[in-house]
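Some notes on the structure that comes next.
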């Protein structure tokens with residue numbers, strides 16, 4: 001399922017019985033390790049996290065009612081370069097050593113306790129009412145919008161602005177920036193556009 005979700009599919013739906021979102025990630029990671037697809041836990045977990053966009057958690061209560069308890073978004077944490085090169089500005093050996101130790105601490109923290117994902121509930125069920133608790137990340141909002149027709153886009157943009165105060169960049173803004181960049185490139189290069197003779 002994880003492998004098929006990574007290629008040749010617009011979206012993938014599957015069911016699982018994990019009680020919490022971290023349990024879901026751990027269970028899928030362990031399944032991949034058991035299947036022999038991966039040998040390294042972190043690598044397997046990274047692959048799982050890249051595939052899980054949303055978890056829709058269903059519950060059946062003691063009265064037999066089934067309902068959606070929560071919708072959780074998975075947000076992969078991007079690797080950032082947090083190292084400093086300030087040691088070059090240090091005049092003393094002690095100062096250089098302190099800067100080296102700062103970088104070493106960052107390195108070992110990333111190697112041993114690197115956070116691969118964050119998760120947050122988008123919608124929760126409270127006392128018979130669905131409550132929007134956190135906004136969907138901009139990346140997922142844009143991907144959702146890219147798969148809608150014009151009518152749905154208009155309603156979707158009204159919905160996210162009304163509930164979260166988010167105004168997505170319009171397609172026109174993105175196209176205008178592309179055109180501006182093209183003009184900048186032409187000016188920088190100083191080349192004249194080629195003309196085609198008939």
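Since every read-out is calculated from the coordinates, none of them should be taken as a lab result. Note that the structure is predicted; figures quoted are calculated from it, not measured. Glycine gets a Cβ as well: all are built from the backbone with ideal geometry, and neighbour counts include every protein chain shown.
Given R₀ = 45 Å, FRET efficiency for residue 54-residue 91 by Cβ-Cβ distance, to 0.05? Please list the in-between numbers first.
Numbers: r = 53 Å, r/R0 = 1.17.
Calculated value: 0.30.
Taking R0 as 22 Å, what FRET efficiency do you get between residue 100 and residue 77 from their Cβ-Cβ distance, rounded to the nearest 0.05? Before the final figure, lay out each step's value.
On the way: r = 25 Å, r/R0 = 1.16.
Calculated value: 0.30.
Tell me the label-point distance for the pair residue 163, residue 19, using the 7 Å Cα-to-Cβ offset, in nm and rounded to one decimal.
2.8
Taking 0.36 nm per residue of separation and subtracting the Cα-Cα distance, what length does fully extending residue 170 through residue 140 add? Before the final figure, lay out the partial values.
Values: separation 30, 0.36 × 30 = 10.80 nm, distance 1.49 nm.
The span from residue 170 to residue 140 would gain 9.3 nm if fully extended.
Distance between Cα centroids, the stretch 134-160 to the stretch 53-112: provide it in whole Å.
Using only Cα atoms to place each centre, the spacing works out to 27 Å.
Contour minus end-to-end for residue 63 and residue 127, with contour as 0.36 nm per residue of separation and end-to-end as the Cα-Cα distance? Walk me through the numbers on the way to the answer.
On the way: separation 64, 0.36 × 64 = 23.04 nm, distance 1.49 nm.
Extra length from residue 63 to residue 127 when fully extended: 21.6 nm.
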